[in-house]
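Asker: Mind looking over this structure? Questions follow.
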Amino acid sequence: MARGDDDFIAFAQASSARLQRAAYLLTGDQHQAEEAAQATLVRVYAAWGRVRRRDPYAYARTVLTNLVTDQWRRPMREYATETMPEQPVPDDVADVVSKRRWLIGVLQALSPRERAVVVLRHFFDASEAEVARELDLSAGTVKSLNSRALAKLRITAGLVPPLRTETEAGVGL
């Protein structure tokens with residue numbers, strides 16, 4: 001096979017599920033995540049001859065992040081129809097589904113840039129320098145976005161109690 005297709009097939013099989021989960025964390029929508037992961041693999045295949053000897057997963061991660069970021073910048077136009085599409089009925093697969101929904105809900109409280117930084121740093125275990133390079137930000141911006149995002153997540157998740165006023169704390173009495 002040309003261009004190392006066997007190598008690419010092995011790479012795609014090994015990384016497609018993780019790319020799709022990361023895309024889901026970035027978008028919050030299963031269909032957009034599937035499309036983003038598929039488009040990522042298409043672009044990685046197009047560049048396979050150049051990236052296969054380096055770190056193809058890092059390249060795929062960068063492509064995925066850029067694809068999702070481009071969707072934020074240029075949102076897709078939707079056209080109204082007379083009938084509503086059928087909404088999927090949530091299965092009662094309790095714990096896994098509720099945790100996933102909780103996580104997506106909490107992540108949606110973040111701005112798109114904060115969400116991208118958190119997913120790259122904590123889901124992909126990328127260093128601050130890698131995140132800065134992939135998102136074209138300074139290292140300081142990555143640190144502050146990550147810190148701010150984690151603080152928001154702690155408050156949204158209820159892990160940090162809200163600050164008490166002086167009268168509630170008994171100071172002004």
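Asker: Scan A47, A36 and give me the residue that is at pLDDT 85 or above, of a type in the set (G, A, S) and under 21 Å from R101 (Cβ atoms).
Answerer: Step by step, each of A47, A36 is checked, and only A36 is at pLDDT 85 or above, of a type in the set (G, A, S) and under 21 Å from R101 (Cβ atoms).
Asker: What is the one condition in (1) open to solvent by less than 60 Å² (accessible area, probe 1.4 Å); (2) under 22 Å from A33 (Cα atoms); (3) at pLDDT 90 or above; (4) not β-branched (V, I, T) that G105 does not satisfy?
Answerer: (3)
Asker: Please verify whether Q30 is more than 17 Å from D55 (Cβ to Cβ), in contact with a Phe, Trp or Tyr (Cβ under 8 Å, 6 or more places away or on another chain) and open to solvent by 40 Å² or more (accessible area, probe 1.4 Å), treating the condition exactly as stated.
Answerer: Spelling it out, Q30 is indeed more than 17 Å from D55 (Cβ to Cβ), in contact with a Phe, Trp or Tyr (Cβ under 8 Å, 6 or more places away or on another chain) and open to solvent by 40 Å² or more (accessible area, probe 1.4 Å).
Asker: State which residue pairs qualify: first residue open to solvent by 90 Å² or more (accessible area, probe 1.4 Å) and inside the stretch 49-62, second residue among the β-branched types (V, I, T) and in a helix (DSSP H, G or I) in any location, beta carbons under 8 Å apart, and separation of 6 or more residues or different chains.
Answerer: Nothing qualifies.
The values are calculated or read from the model by the stated rules, or taken from the named source; none is laboratory data. Computed from a predicted structure; not experimentally measured. Don't worry about glycine lacking a Cβ; one is built from the backbone with ideal geometry, like all the others, and counts go over all protein chains shown. Just the protein is used for accessible areas: all its heavy atoms, side chains included, with ligands, DNA and RNA removed. Shrake-Rupley method; radii C 1.70, N 1.55, O 1.52, S 1.80 Å.
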